[in-house]
Every structure is written in structure tokens, then in C-alpha cells.
1. Show me, for the range 83-91, the HN-Hα J-couplings you get by feeding each phi into the Karplus relation (A = 6.51, B = -1.76, C = 1.60, θ = phi - 60°), rounded to Hz, glycine and proline as x.
2. Assign unit charges at the C-beta atoms only (+1 for Lys and Arg, -1 for Asp and Glu), then state the dipole size of the range 5-156 relative to its Cα centre in Debye, rounded to the nearest 20.
3. Looking at Phe66, Ser112, Asn92, which one has the Cα that reaches farthest to the positive end of the dipole of the range 65-143 (charges on Cβ: Lys, Arg +1; Asp, Glu -1)?
4. Quick one: which of 259-266, 81-88 comes out on top by average Cβ neighbours within 10 Å, and what's the full order, highest first?
5. Ratio to report: Rg/Rh of the range 5-156, with Cα atoms as the point set and Rh obtained by the Kirkwood method; give two decimals.
6. Using the Cα centre of the range 1-79 as the reference point, and only Cβ charges (+1 on K/R, -1 on D/E), how large is the resulting charge dipole? Debye, rounded to the nearest 20.
7. Please identify the DSSP H helices in the chain that span no less than 27 Å along the helix axis (Cα) and have a mean Kyte-Doolittle hydropathy of -0.5 or more.
8. For a quick protection proxy, order the peptides 45-52, 173-180 by their average other-Cβ count within 10 Å, most packed first.
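Bear in mind that the values in this text are calculations on the coordinates, not laboratory data. No experiment lies behind these values; they were computed from the predicted model shown. Neighbour counts are summed over all protein chains in view; Cβ atoms, including those assigned to glycine, are modelled from backbone coordinates with ideal geometry.
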Amino acid sequence: MDQLSIILQRFSMNTEVFFTGNLCGISNFNKEPNQGHLHLLRSGELTIVDEKGRSQLFNEPTVLFFPRPYAHRIIGNEENPPELVCANIIYNESTSNPIANALPSILCFKLSDCQKLKQTALCLFEEAFQDRCGRIPMINLLTNMFLIHVLRHVLNNNIMQYGLLAGLAHPQISKVLLAIHDTPERQWGLETMAELALMSRSKFAALFKRIVGQSPGDYVIDWRIAVAKGLLQKNKPVALVANAVGYENGSALARVFRKKLGVSPKQWIEQTR
């Protein structure tokens, strides 16, 4: 399994296009729980104003990616109105998404930066601005594909220097992260992880913390909790969930939940409903 597939299978990132066309005037985008935004500028000129009041001008084909809830405004140039495709990014879980959390508040790329981004964007623009049968499901599918190309671009170009995506881009750390993501139920001791990375324990632990931002042991616990939350939301029994993420029984999982979240698994489920 590759760097992205395991995470995307466990934690959904789906797009829903809500606007295609020329944008006139000002459009405001508020923070919505478990939702980001993706704006693709085909032509024209716009200014993005973020929630801190900072502005940035764009006047060539560009990807504007807000992976997490983030208030912003788009101001279209009246003389050269921007032609856009805008989509919501929907995270179906009520828990946070690991990939979204590993990205900055906004990422901006010129479509010319990546041939795959450009090719997929051209297909998306062709569907978005023509009235063909099946147009809406097609542009949603193409936008989902485009989002994966964006994430690949981030990994392939080592854009993130710190955090989960930086770890997934590292040749040795990524082997360990992939194994943890795929088999959280395995007993992940430091020695086992270091052997997988072909490094000494001390060197591996230091490198992992420097790149990912936390110790290997803490990362294992956080990933197990994230996976457990997803299973609990599917109404899986606590004992079964505990075994699926590497704990002997529900009591052991509850101790970890209380230590990290301050509540038991059952209390957490009640809070999310």
C-alpha cells in the first residue's frame, strides 16, 4: 500500500463542486466544521483575503487549496473577472483528518507547476464549462482526482518539511509510517520500528521526532486513537475496537482515551452525537 491510500481509505476527503463560472464582486467563505475549500482559477484575476486580513493577488491558472475550515474572501477583478471552479472538501468523520491537519491553512500552486495538475484541471474545466449530460457527477469525480494529484504534488516535491506528510515523503520514515497505518494492532516497540527503517534506535527516534514532530511511541498512540474513533463511529463494540488497534481489551483502550482525551470511548461517542 502507498503513502496516501491507507489514510484516504480510513479518513475520507470528498469534494462537492458548488460553483463554476465567472465570479463578480466579493464572495465570503466561512468556517464550516469538517470542511475545507478548493478553488481552481482558470482565467482572469482575483484577490484572496484570509481571516487575518492578508491579501494575495492571482492572475494566472492557479490552485487555491484550503484543507481545513478557514474563513476567507475572494474578490474578483471587475475588468478581468475570474473564471473559477469552487468545491467544498467534505470530511465525513466528526474527528479531525490526519492529512488536513498536516497541511498549512492554505496552499497555492500554479497549474504550470505540475503537468498532472494541469492535465486534470483542463479536463475538469472542459466538463465544468460545457452543458453535457452527467456534468455534475463528472466534475465531482474529476475534482476528487484533482485533489489526489495535489496531495501527490505535495509529497513528490517535499513541500512539507515537518509533520506527517514530511514523514511520508522521507524514504526511511515512510516505511515505518506505512506499516503503522496499515497494522495499528501490531506491537510497535522502538526496536521494531528502528529495524524497519534500517537504523539504530537512537538515530531513528531522533530523526522521527525531528521530521514528524513527535516521538514514535506518541505517534503510534495517536494513530491508534484516530483509527479507534473511526471504528467507534461505525458502532463497533469497544472490545473489538481495542483489539483492532493493538490493545488487549476495552479497559486498556479506555485508559489511553482518558489519558489523551479526558474521557472514555463511550463518553467520547456520546459527545460526538
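1. Once θ is set to phi - 60°, the couplings for the range 83-91 become 9, 10, 10, 10, 9, 7, 9, 9, 9 Hz.
2. Details: 13 positive and 14 negative charges, 97 e Å.
Computed charge dipole of the range 5-156: roughly 460 debye.
3. Asn92
4. Top to bottom by mean Cβ count within 10 Å: 81-88, 259-266.
5. Using only Cα positions, Rg/Rh for the range 5-156 is 0.94.
6. Result for the range 1-79 is approximately 320 debye, rounded to the nearest 20.
7. Sorted by number, the helices that extend far enough and score high enough are 135-156.
8. On the way: 45-52: 16.2, 173-180: 20.1.
So the order, starting with the most tightly packed, is 173-180, 45-52.
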